[in-house]
Amino acid sequence: MSEMLLQVDELAVDFGFIRAVRGVSFSVEKGKTLGIVGESGSGKSTLLWALTRLLPDAATLNSGEVWFDGTDLLRLQPNQLRALRGTRISYISQDPMTSLAPGLTIGQQMTDLLYREPLSKQEKQQRATNALDWVSMPDPATRMKMYPHELSGSQRQRVSIAMALILGPDLAFGGRTNYCS
């Protein structure tokens, strides 16, 4: 029997008098994938943002439990959550053009994510290039020197995926398909 990576029980999120997420429960085993499907406005993104408590101020996490690898995410202090975000739990942006910095090259943005890693600049660049190669980016070394506006939409999406996965998180979610893996 596999271990549970993520367990969500009866999660509810409100925006004032509107219940955006109503008693949602699901689990994800380590090494497995879960798809969350629904119409636009059905609460998929709200649900996923609630997992790491990145909800807007107008939202209230009304009830439920969220356990990640044995840790109660809803009881963690902000600094403890920050330590998990990006390293153990990562987000793949739905719209990379709004999450990529227009004045920085792809390589600068990807290597900046590795600031906690005890690697040389060259090792960080190699790791970023490898991450782009892993997502099937054509000519990753050249793309590292480019700015977001110089890439196609699908290439920017690949960069977003590579950035979310470069630190090897245990859980990744986001995008138009809103998935957990």
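Brief remarks follow.
- Overall shape: oblate for the stretch 4-77, with the ratio a/c of the largest to smallest alpha carbon gyration tensor axis at 1.5 or above and b/c at least equal to a/b.
- On the beta carbon distance between TRP134 and PHE17, with R0 = 41 Å, the FRET formula returns roughly 0.35.
- For the stretch 76-118, the Kirkwood estimate of hydrodynamic radius, built from reciprocal distances between every pair of different alpha carbons, is 12.1 Å.
- Note that the stretch 46-59 has calculated 3J(HN,Hα) couplings of 4, 4, 5, 5, 5, 4, 10, 6, 10, 6, x, 4, 6, 8 Hz, one per residue in order, obtained from phi through the Karplus relation 6.51 cos²θ - 1.76 cosθ + 1.60 (θ = phi - 60°); glycine and proline are x.
- The Cβ shell under 13 Å around GLY23 holds other residues with a net charge of -2, Lys and Arg each +1, Asp and Glu each -1.
- Straight Cα distances below 24 angstrom link LYS30 to the lysines LYS44, with same-chain residues fewer than 8 positions distant left out.
- Calculated over the chain: convex hull of Cα atoms, volume per residue (Å³): 135
- Restriction of the trypsin sites (Lys or Arg not before Pro) in the stretch 114-167 to DSSP coil positions whose beta-carbon has at most 11 other beta-carbons within 10 angstrom yields ARG116, LYS145.
- A simple count of charges around GLY103, restricted to other residues whose Cβ falls under 13 Å of its Cβ and scoring Lys, Arg +1 and Asp, Glu -1, yields -2.
- Estimated Rh, the stretch 46-144: Kirkwood, alpha-carbon pairs, angstrom: 15.9
- Per-pair calculated FRET efficiency, R0 = 22 Å: THR105 and SER154 via Cβ, rounded to 0.05: 0.75
- Exposed chymotrypsin sites (Phe, Trp or Tyr not before Pro) absent: longest stretch of the chain, with sites in DSSP loops and at most 10 other Cβ within 10 Å deemed exposed: 18-114
- Label-point separation, GLU39 to GLU10 (7 Å along Cα→Cβ), nm: 2.8
- Distance distribution note for the stretch 96-165: the fraction of Cα pairs above 18 angstrom is 26%.
- Charged neighbours of ARG143, selected by a Cβ distance under 15 Å, balance to +1 (K, R count +1; D, E count -1).
Bear in mind these aren't lab numbers, they're just calculated from the coordinates by the rules spelled out. Just so it is clear, the structure is predicted and the values come from calculations on it, not from any experiment. We place every Cβ from the backbone using ideal geometry, glycine too, and count neighbours over all the protein chains shown.
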